[in-house]
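Asks: I'd like to ask you about the structure that follows.
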Amino acid sequence: MQKTYLIAFMCLLVATVKLVAQEGRKCGFDLFYNELLNVNSQVDLESHFQAQVKQRSMQKSNTIVTVPTVVHVIYRTQTQNISNQQINNQINVINNDFRKLNADTINVVSGDSKADLRIEFRLATQDPNGNASTGITKTATNIQNVCDFQNGTYDQVAPAWDRDSYMNIWVCEVGGGIAGFAFPPNTPGVSKGKDGIVIDYTNFGTGGTAAAPYDLGRTTTHEIGHWLNLLHPWGTNNGDCTQDDGVSDTPKQSGPVGGAFNNCQNPTNSCGSRDMLSNFMQWVDDRCMGNFTTGQKNRARTALEIGRSSLLNSTGIDPVGLFENKLNPTLKIYPNPNSGSFRIEGNFDNSLEQSFQLFDLSGKFVPIQTYRDDSDLVISLNHKKAGLYILRLKNNKGIFMQKLTVYPSVIP
Ligand SMILES: [Zn+2]
């Protein structure tokens, strides 16, 4: 009797292991997204988003976009305190994958879409206070599975840098067999402080702690995909073919296909067509991946434009040390400080007027109103909170910055 029980238990264990092997990489996305879709408002949001994908300009403009990035390493053991080299390797992987510079596009079946998303990632050179930075933070903890999908306290142990100015990546112990997770823009119930990308230290970068078969940095590529509102190719299908990922050039798929699927060869079929198993949004092994599609490119760039546009105005990757520079030797700003209107004196053409931007000290973009007064430009900061701001001018000669101090308005 006891023996039977033991054998039964072993079968269960084997069955469990086999199931995981078949599904492959487990990312936390399905754990919350399927539930979200049970809420009607989310279904509305998705159809609204798909309509936007057709209209938005950024996916059409094709400009290269650079995302300021910060990596927060949280470690409980010295092994988990990964090297900067491993982090740099990861940054290289995502830059290759999002620019279609990866060598393994060879995994992509001939004729399948392979897109250059024209999105790049650079470690921050400035922290939120304007100080020089490597874009890497390292924090010790004694909390096990500090990045647990349900109860993780990573946002308290290593607080996010303002997600409106930086893409935050936490590298830490996730546990639960989950390789990583990330939230699409504006996910209901996800706080600002948790809105980033979380990757288990065994699935991050290359070399060091990265462990096969997720040792080529593709978990991060995949999770950034979710962070830019890409779905798994099977959408929310669970063995059926009723749902889709909102992208027309990834074939419908009935569910996850994991592992190396016959040594990365001979993809499976479902929903009446061959599954595109080389896609970065699959759960296959790192070495079997190779492409995003044009449809995914349009979706991701639209998500960046609608849901994460403030990143494009971040000062996070601007060179440090320009704060004290004069904005431009030929431009004079006065009075500074004052409580409202700053006058910029100088002969500059109209196009330059559009090139001024204002940021608060956390690097957050602050909308401004400008108007011309003869040859001068007046920047109105009436009704802005008193404090220090950075005025930035970016033109073909470089980036110029000047501190502006706004005094509290005096109410007579
Ligand atoms: Zn996923």
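Asks: How high is the FRET efficiency from GLU120 to TYR371, r the C-beta distance, R0 45 Å, rounded to 0.05?
Replies: Details: r = 35 Å, r/R0 = 0.78.
E between GLU120 and TYR371, to the nearest 0.05, is 0.80.
Asks: If packing is taken as the mean number of other Cβ atoms within 10 Å per residue, what is the order of 199-211, 127-139, highest first?
Replies: Details: 199-211: 21.8, 127-139: 16.4.
Going by the mean number of other Cβ atoms within 10 Å, highest first, we get 199-211, 127-139.
Asks: Residues of segment 177-257: accessible area per residue at 1.4 Å, in Å²? Can you show the working numbers first?
Replies: Working: 2440 Å² over 81 residues.
Accessible area per residue: 30 Å².
Asks: For THR242 and ASN92, compute 0.36 nm times the residue count separating them, minus their Cα-Cα distance, and round to one decimal in nm. Walk me through the numbers on the way to the answer.
Replies: On the way: separation 150, 0.36 × 150 = 54.00 nm, distance 3.70 nm.
Separation in residues times 0.36 nm, less the Cα-Cα distance, equals 50.3 nm.
Asks: Pull up all non-local amide H partners of ALA140: gap of 5 or more, or a different chain, and H-to-H distance under 5 Å with H placed in the peptide plane.
Replies: TYR75
Asks: I would also like to ask the following. Rolling a 1.4 Å sphere over the protein heavy atoms, what is the accessible area per residue of segment 72-114, to the nearest Å²?
Replies: Numbers: 2060 Å² over 43 residues.
Using a 1.4 Å probe on heavy atoms only, each residue of segment 72-114 averages 48 Å².
Asks: Take the solvent-accessible surface of the protein heavy atoms, probe 1.4 Å, and return the percent of it on segment 22-313 that carbon and sulfur atoms account for.
Replies: Working: 5150 of 11270 Å².
Carbon with sulfur: 46 percent of the solvent-accessible area.
The values are calculated or read from the model by the stated rules, or taken from the named source; none is laboratory data. The model shown is predicted, which means the values in this text are computed figures rather than measured ones. Please note: Cβ atoms are built from the backbone with ideal geometry, for glycine as well, and neighbour counts cover all protein chains shown. For accessibility, only protein heavy atoms count, side chains too; no ligands or nucleic acids. Shrake-Rupley method; radii C 1.70, N 1.55, O 1.52, S 1.80 Å.
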